[in-house]
Amino acid sequence: MSEDLQARKRWMGVLAKASADAIRACLHTAPPLPPHTRLRGPETGLVMLRGRAGGDGAAFNLSEMTVTRCAVTLEGGDTVGHAYVAGRDRSQAELAAVLDAALQDAARRPALLAAVIEPLAAAQAEARATESRKAAATRVQFFTMANMR
Amino acid sequence: MMRPGFADPVQDAQSCFRAVLEALSRPGRVQTLASGLTPPAPLHAATAAVLLTLSDAETPLHHDAGAEADAWLRFHCGCPMVAIGSAAFVLAVTPPPALATLQAGTDEEPERGATLVIQVEALEAGSGWRLRGPGIEAEHRLSVRGLPDGFLADRAARRGLFPRGVDVILCAGDRIAALPRTTLIEEG
């Protein structure tokens, strides 16, 4: 995977996990976004999640998941921004798609990465760390049996 | 640059579907679509609206409209692009292919016959061809500009196949008219 694609994968992931309110809060400090045209959506539908038992089990359908998707294009450009987000928040999907389109523009990227993506990524990492600290506190260590021998 | 599809996909596709239904049940009568589409060249608004309405992931499409239209159709319809012999819908913006190259269905499943969407220069009711057949009380007249001369003869030569056959939707600008396989056409 090329570096550009890796970077885009990262910001699309961060935007998909951030709520619309969190994105809007970050946008206050960012340069204004250009006007956009909706190409498709935002529209809500179902995707099938597939699972696999172990690393080599047969694939099975785990469940369906509600997903909202949106595709936009920015005025005066030909880049298309895409977003697929969990749930049915249409404004989150649209904001994420606009940001994806803007982030593909090299001139806008540094400012938007600094103002939106980095703070969101930091907040998500913090939330994940808190969650795993809470889980770690309830962890049970099975060492007594081994020591008794 | 990628252009948008229907502004309101559900309502717009439903009203377009109604117009297509009306066109097919009253062969040769011209219907006007207010789709508000600005599709990429060489597609006309009516052609684009008909395809957006009728084709999706389950209807293989074949077309001769070029790369930009191809990208647009793939994005908005999500239809697989296939060879002409296995397509459920065939779009012709240049002179249409020989009807024998299209799927005609089988005697058990005549509905599997392809639908040929032809983009022409102009459609006008009131003069030109004389149409008779189911859906027409006495006679209907339709003049079509931009079809090759051999088209009617090719269509008439395949009447013996009925109930198999190909249905035709003609599109020009924002107008459509349909020629189901049952319609008899005489040059006027």
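Nothing in this text is a laboratory measurement; each read-out follows from the coordinates by a stated rule. The shown structure was predicted, so the numbers you read here are calculated from the model rather than taken from an experiment. Note that each Cβ is placed from the backbone with ideal geometry, even for glycine, and that neighbours are counted across all protein chains shown.
Going by amide H atoms built from the backbone, whose H comes under 5 Å of the H on B:Gln103, apart from near neighbours?
The list, which skips near neighbours in sequence, is B:Ala87, B:Ala114.
List the cysteines of chain B that have no other Cys Cβ closer than 4.7 Å: which are they?
Taking the Cβ cut-off of 4.7 Å, the unpaired cysteines of chain B are B:Cys16, B:Cys171.
Whole-Hz Karplus ³J(HN,Hα) for the range B:97-112, in order, using 6.51 cos²θ - 1.76 cosθ + 1.60 and θ = phi - 60°, x for Gly and Pro?
Whole-Hz 3J(HN,Hα) from phi for the range B:97-112: x, 4, 4, 5, 7, 8, 4, 10, x, 10, 5, 6, 10, x, 5, 7.
Round to a whole angstrom and tell me the spacing of the C-alpha centers of the range B:84-112 and the range A:49-94.
What the calculation gives is 35 Å, centre to centre.
Can you report the principal axis dimensions of chain A using only the alpha carbons, biggest first, rounded to whole angstrom?
The Cα atoms of chain A stretch 74, 36, 31 Å along the principal axes, largest first.
Tally Lys and Arg at +1 and Asp and Glu at -1 over the other residues with C-beta under 15 Å from the C-beta of A:Arg109: what net charge comes out?
With Lys, Arg at +1 and Asp, Glu at -1, the net is -1.
Which residue, chosen from A:Ala83, B:Ile84, A:Ser132, occupies the Cα position most advanced towards the positive end of the dipole of the protein assembly as shown, where the dipole is computed from +1 (Lys, Arg) and -1 (Asp, Glu) charges on Cβ about the Cα centre?
Going by the charge dipole, the pick is A:Ser132.
Give me the Å³ per residue figure for the convex hull around the C-alpha atoms of the range B:1-70.
Here the figure is 108 Å³ per residue.
What is the fewest-to-most order of B:Phe151, A:Phe60 by other Cβ atoms lying within 10 Å of their Cβ? Present the calculation step by step, with values, prior to reporting the outcome.
Values: B:Phe151 18, A:Phe60 9.
Fewest to most other Cβ atoms nearby, the residues stand as A:Phe60, B:Phe151.
How many angstrom lie between the Cα centre of the range B:13-52 and the Cα centre of the range A:22-44?
Going from one Cα centre to the other spans 33 Å.
Using Cβ counts within 10 Å as a stand-in for footprinting exposure, how do A:Phe142, B:Phe17 rank, fewest first?
Working: A:Phe142 6, B:Phe17 14.
Going from least to most buried by this count: A:Phe142, B:Phe17.
Whole-Hz ³J(HN,Hα) for each residue in the range A:79-94, computed from phi via Karplus 6.51 cos²θ - 1.76 cosθ + 1.60 with θ = phi - 60°, x for glycine and proline: what do you get?
7, 10, x, 10, 8, 10, 10, 6, x, 10, 8, 5, 5, 5, 4, 5
In 20 Å bins starting at zero, report the fraction of Cα pairs in the protein assembly as shown per bin as a rounded %.
Bin by bin from 0 Å, the calculated values are 25, 42, 24, 8, 1, 0.
In peptide B:4-11, what is the residue-averaged number of other protein chain Cβ atoms found within 10 Å of each Cβ?
Averaged over the peptide's residues, the number is 2.
Under the Karplus relation 6.51 cos²θ - 1.76 cosθ + 1.60, θ = phi - 60°, what is the ordered set of whole-Hz ³J(HN,Hα) values for the range B:72-80, x standing for Gly and Pro?
Per-residue couplings from phi come out as 5, 5, 4, 5, 8, 9, x, 8, x Hz.
Using only the alpha carbons, work out the radius of gyration and Dmax of chain B in angstrom.
Expressed in Å, the Cα Rg and Dmax of chain B come to 15.6, 48.
Most exposed first by the Cβ proxy, i.e. fewest other Cβ within 10 Å, how do B:Trp72, B:Trp129 rank?
B:Trp129, B:Trp72
What fraction of the DSSP beta bridges in the protein assembly as shown is antiparallel, stated in percent and rounded to the nearest 5? Each step should come with its number before you reach the end.
Numbers: 38 of 51 bridges.
Looking only at bridges with both residues in the protein assembly as shown, the antiparallel portion is about 75 percent.
Hey, in the GNM for chain A with a 10 angstrom Cα cutoff, which one of A:Met65, A:Met12, A:Met48 fluctuates hardest?
A:Met48
Name the residue, out of B:Arg155, B:Arg29, B:Arg18, whose mean-square fluctuation peaks in a Gaussian network model built on chain B with Cα pairs under 10 Å.
Fluctuation is largest for B:Arg18.
How far apart, in nm, are the 7 Å Cα→Cβ label points at B:Ala83 and B:Leu184?
It works out to 3.7 nm between the two label points.
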